[in-house]
Amino acid sequence: MSEKTPEKKTEMDRREFLTTTATVGGAMVLGFWMPLSAEAANMPVAPTPWYREAAVPEINAWITIAPDDTVTIRVGQTELGTGVFTANPMMVAEELQCDWKKVRAEYASANRDAREKAPEWTLKVPGNGESDPGGAAPVELENAKGVYRRMIIHSSGNVRESRYYLQLAGAEARERLLLAAANEWGVPVSELVAKDSVITHAKSKRRTTYGAIAAKAARTPLPDPSKIKIKTPDKYTLLGTEQKSLDVPLKVTGEAIYGIDIRLPGMLYAAVKACPVWGGDVQSYNFDRIRNMPGVHSVVRLPFDSLTKSVGFLCGGVAAIADSWWRAKTALDALPVEWNYGSGAGVSSTSLYDLHLATGKQPGEAKTNDGNVDEAMARAAKVVEAVYSVPFSPRARMEPGNATVLVTDNRVDIWSGDQDPQGLLRRAAKLTGITPENVYIHSTFQGGGYGSNGNGPQGEQAVAVANAVRGRPVKMLWTREEDWGTGTKYRPMSVCLMKAGLDAQGWPIAMEVRHATTWSLGDMGYRGLSAPPYFIPNYRLTIHAPKTHVPIGTRRGTGAAPNGFYMESFIDELANIAGKDPYMYRRELISRNPAEPKQGVGGFVHRDDFVRALDMVAKMSGWGTPLPEGWARGIAIDDRRRPTRTTSTICAQVHTVEVTKAGKLTHHRVDVVFEQGFALMNPLSVRKQIEGQIAWGYDDTMYQATTLEEGHAIERNFDKFPVSRMNEYPKQVNIQFMKTNRWITGAGEEAIPQIPPAILNAVFKITGKRFRSIPLKSHDLSWG
Amino acid sequence: MAFTLLVNGVQYSVDAEQETPLLWVLRDSIGLTGTKYGCGIGQCGACTVLMDGNAVRSCFMQAGRAVGRKITTIEGLSPDGSHPAQLAWKEFDVPQCGYCQSGQILTAVALLEKKPKPTDADIDAQMTNACRCGTYHRIRQAIHRAAALRGQ
């Protein structure tokens, strides 16, 4: 180990370290924590939650205010790149009316959430959801009764789920600060004004600051907190403005601490190898062969049994533990392991495609059955059929799975960036037999996520390893190959059989969609397909569910991404067959819907907003204006809608693409119309999300697939699973927000479903080739 | 088998196998965790550091080969985040998850050393680091801005 460690930095104790890893913004200076002596390995972790700073008054569970007016706002969700560390404090600060320049963000404690019930005043969610400016989308919070409600970050749900109670938290604190000042001055609270952390009483010319009154406010409860009202969007002053991310300054200096960066006194390192075929387990291994290698401590078997399955393991494996990660990995590479691959070992992508195709032709479960499809199909002037498909694909985040865990006989501490801290806490308790109240999650930044279980069982495996060496902290880290090969769940392969009956003018009078997919989570298999935005009087969707051993999970874009690819490509095919412009064809079919939902066919409450989005994107992209030879524009629209359409975000896109005669594709320009609803919390963050989704959708279109051979994943590192670089990113990206009278679903993945169909629709225009499967790397794009 | 590495102007005596990749010596032996592990095969660029001013991928280089060379990690770029590239990255709010950004910034710094006024084509050619969040749009703008800041 290194001899030179800056002495001043070793003075930080663990408590200080924990605080600084998770606090950003304002004037906070981050220090590096360096290893203490080996004797310090058994130092107890501070028994109280790490973020409670006794010297700083806590107004409520989300807010502390220091005497210098520094407001610290606690964020329950993990910052993995979507901007929650900025947007969530903004939602609180909007109501608190504090000085934004003095706001810091830190992580909320999942342990406190396990111990403390949500305040009563955060549980009642009034309003009618999307159509009510003061409302919320309460459904997803029904069972989230801990103080921080729902800490998992998923489904673009951060703002949708937490806005209401975060605004309430800010408002409750503001009212208490005002009440404390009113009590001190003996004036009615209604005569006080709060702005930028200053409270003034105009009549008496008195003035105080939040920092000065905070201690009193912390002891001043509201007589009836249920009367608190939150601001409607027309009253926003901070929300809706572009604010830079509070965590960015840390991310340009290397100071931001991710799970992989945790270092603890006496820490051991673990490398893991899991059975390459999901569902398999270890047959045997020979520790003696590596026992004497440098730094080796032990090998821990990770069984695949009912307990580990229940916490999310995808297969069994072994962990090598050593005094450095490189030594652990080197030893593990040398460890002879025999596997029991299990029943998945004979499966390949080809056999699975055939299985999907065959299953799609069998009877399925009807999700939509409007009109009489068979009768209409029989009288159609023309019947069009096409088979579409997507392959398996992982989320492929940049930071390989890891967590650092210390298990003692009565307590578990986990340092990790995890998309689901509450879930990890419960699962750690289950694995160790230690009560949830004694499990502590010390959240860090996370190097990407892209799906609600996007980190895989990283924390759970790490807990299992550390549980075997109680008393010593262990950092478990997957290799890239482990992360992509055995540590993740996949966007499933699916095959979609589409059939349309057109009338003599080329308009669809019937459509039958048979979707073979293992995506059985919620509505993933039919989101976007069960209620297309197009008026098709006779429409049937059936779901067909083949069985595979491949672990399936959510992935950025959700089911809307493959489903949108199918619908938006097929409708383009129909437009072409009808000899009509694909923008105008879509526009007409959307306009034919009745505006209000009615019994039966075609009610479409967002009809006019869809048409507006199409018109906007056509205009901004120069739709219909000439392009050079080999160039074309492709269009697509989607709203990532759920079957009920209660949550959706409309996004229309035009992609301008070039394909050379030799078949080389260039992605030149993207025009995006993105619905903003009543308001976006931080439009800068949304803009960044959309920019990033363009690269994500392009990668799906061009490159990304996980191929299976003998039951295991072939593409396990960046050499075989390409991620596009700077040179492929479009030189021109235009984004316009479209105001509507409702709340949108979210912004984390709503610009993805349009990308593959828009690009492929342009490719068709250029090459005359209609590609019905992605990625394009497997296709010949040459033409002419 | 201790050996000495010069990192960010400080001589560190390291007790590790010389074949250990430089990345792990920087992160685990010396404690400079700003340099990230992404692939281990020199593909993604998250582990990029400067060696005598050139951007190299430290996951794919034995630490022993770095002896006698001048290594700069993200922590050594400036004491306070004031390097023109860092200022530009903040101005354009570039990072999302941020995991790849140390490598992106150091690659950009090496580019700017060689081409103080890089064209878009120069940027396309040199910036070969992967970003899964897709921050390329802002990285490009930030590099142009950093070039302007350097010229001031």
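Values quoted throughout were computed directly from the atomic coordinates according to the rules given, and no laboratory measurement underlies them. Keep in mind that this is a model prediction, so the values were computed, not measured. Cβ: placed from backbone, ideal geometry, glycine included. Neighbour counts: every protein chain shown.
Only one residue of A:S782, A:F392, A:A376 has its Cα farthest out toward the positive end of the dipole of the protein assembly as shown, where Lys and Arg carry +1 and Asp and Glu -1 on Cβ, and that residue is A:A376.
Evaluated with a Cβ-only charge set (Lys, Arg +1; Asp, Glu -1), chain A carries a dipole of roughly 660 debye about its Cα centre, given to the nearest 20.
Add +1 for every Lys or Arg and -1 for every Asp or Glu among the other residues with Cβ under 13 Å from the Cβ of B:Q86, and state the total.
Computed value for this residue: -1.
Each Lys or Arg adds one and each Asp or Glu takes one away; over the other residues whose Cβ falls under 9 Å from the Cβ of A:V318, this sums to +2. Per-residue 3J(HN,Hα) values for the stretch A:327-332, derived from phi via the Karplus relation 6.51 cos²θ - 1.76 cosθ + 1.60 with θ = phi - 60°, read 5, 5, 5, 4, 5, 5 Hz in sequence order (x marks Gly and Pro). Amide H contacts of A:F737: A:F674, each under 5 Å away and 5 or more positions distant or on a separate chain (H built 1.01 Å from N in the peptide plane; Pro and chain starts excluded).
Straight-distance candidates among the lysines for linking to B:K114, with alpha-carbon spacing under 18 Å and chain neighbours fewer than 8 residues away dropped: B:K70. Sequentially through the stretch B:66-76, phi angles give Karplus couplings (6.51, -1.76, 1.60; θ = phi - 60°) of 8, 5, x, 9, 9, 9, 10, 9, 4, 5, x Hz, Gly and Pro residues having no value and appearing as x.
Can you list the trypsin sites (Lys or Arg not before Pro) in the stretch A:260-315 that are in a DSSP coil and have 15 or fewer other beta carbons within 10 angstrom?
The qualifying sites are A:R291.
Distant-in-sequence amide contacts of A:I744, defined by a placed amide H-H separation under 5 Å and a gap of 5 or more residues or a different chain, comprise A:F678, A:A679. Report summary: the helix-based calculation at 222 nm, which adds -39500 (n - 2.57) for every DSSP H run with n ≥ 4 and divides by the residues of chain A, gives -8000 deg cm²/dmol.
Between A:K661 and B:A125, what FRET efficiency follows from the Cβ-Cβ distance if R0 is 25 Å, with the result rounded to 0.05? Step by step, r from the Cβ atoms, then E = 0.55. Considering chain A, its Cα convex hull presents a mean projected area of 35.3 nm².
Report the relative contact order of the stretch B:84-151, percent, no decimals, based on alpha-carbon pairs under 8 angstrom and at least 6 residues apart.
Averaging sequence separation for qualifying contacts and normalising by length gives 52 percent for the stretch B:84-151.
In order along the stretch A:494-500, the Karplus-derived 3J(HN,Hα) couplings, from 6.51 cos²θ - 1.76 cosθ + 1.60 at θ = phi - 60°, round to 8, 10, 10, 9, 10, 9, 10 Hz, and Gly and Pro are given as x. D by Stokes-Einstein for chain B, Kirkwood Rh over Cα pairs, 4 °C, 1.567 mPa s: 84 µm²/s.
Sorting A:S530, A:S416 from the fewest to the most surrounding beta carbons within 10 angstrom yields A:S530, A:S416. Among residues other than A:N372 with Cβ under 13 Å from its Cβ, the summed charge is -2 (Lys and Arg +1, Asp and Glu -1). Judged by a Cβ-Cβ distance under 4.7 Å, the unpaired cysteines of chain A are A:C98, A:C496, A:C651.
Distance from the Cα centroid of the stretch B:80-146 to that of the stretch B:1-63 is 21 Å (rounded to whole angstrom). Residues whose amide H comes within less than 5 Å of that of A:Y107, counting only those at least five positions distant or on another chain, are A:V75 (H built at 1.01 Å from N in the peptide plane). Counting only the Cα atoms, the stretch B:84-151 fills a convex hull of 68 Å³ per residue.
Shielding by partners for peptide B:21-33, expressed as the average number of C-beta atoms from other protein chains within 10 Å of each residue's C-beta, is 5. Across all directions, the average projected area of the convex hull around the alpha carbons of the stretch A:668-720 is 6.0 nm². When each of A:F565, B:F3 is scored by the number of other beta-carbon atoms lying within 10 Å, the sequence from fewest to most is B:F3, A:F565.
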